[in-house]
1. If you place +1 on the Cβ of every Lys and Arg and -1 on the Cβ of every Asp and Glu, how big does the dipole about the Cα centre of the stretch 25-64 come out, in debye to the nearest 20?
2. May I ask you to compute the full-extension gain from residue 38 to residue 77, defined as 0.36 nm times their residue separation minus their alpha-carbon distance, rounded to one decimal in nm?
3. Scan around residue 103 for amide H atoms under 5 Å from its own, H built in the peptide plane at 1.01 Å from N, and keep only partners 5 or more places away or cross-chain.
4. Decide, for the stretch 102-142, between rounded, prolate and oblate: order the square roots of the alpha carbon gyration tensor eigenvalues as a ≥ b ≥ c, take rounded if a/c falls under 1.5, and otherwise choose prolate if a/b is larger than b/c, else oblate.
Amino acid sequence: MLKLILPAIVIVFLLTACGGAEAPKTAITLEMTDFAYSPVAVTIPADQTVVFTLENKGLVEHDFVIEGIEAHSNLVQDSGSESHQMHGQVEEYDVHASAKTGETTVLELTVSEPGAYQFFCSVEGHKEAGMIGELVVVAAGE
């Protein structure tokens, strides 16, 4: 009986170890208030999908914008308004997601190039009021 059980256990172990399971995604919650982000600096790994949960705790709509970055982004849950999209502002940013007051938006982001990038709120006057943060992307193993 032991001769039958041992090979079965080995096979199960090998299938579990090599099973092609997707690596867990990094998850970051970014609070947006009037007029700041918390945390103000975020470090993520390059070439890995990171899930950003953007919580708008402010009294007005806010967004999360990054320019000059090579990235793939996907809005998983979008609570933002369509005003940016209707005015063509989305196309001028490499990464963009917004959230209405009291709402949450979920964004998946994969950045290919390590470096330091500024993120900010593009709503008129918010960046100037200090609604700016830093995204640091590090190579795997750093």
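Where a number appears in this text, it was derived from the coordinates with a stated rule and is not lab data. Predicted model, so just to flag it, every value in this text is computed and none were measured. Ideal geometry is used to build each Cβ from the backbone, glycine not excepted, and the neighbour counts take in all protein chains shown.
1. Roughly 160 debye, rounded to the nearest 20.
2. 12.1 nm
3. Amide H neighbours of residue 103: 56.
4. Taking the square roots of the gyration eigenvalues as a ≥ b ≥ c, the stretch 102-142 is oblate.
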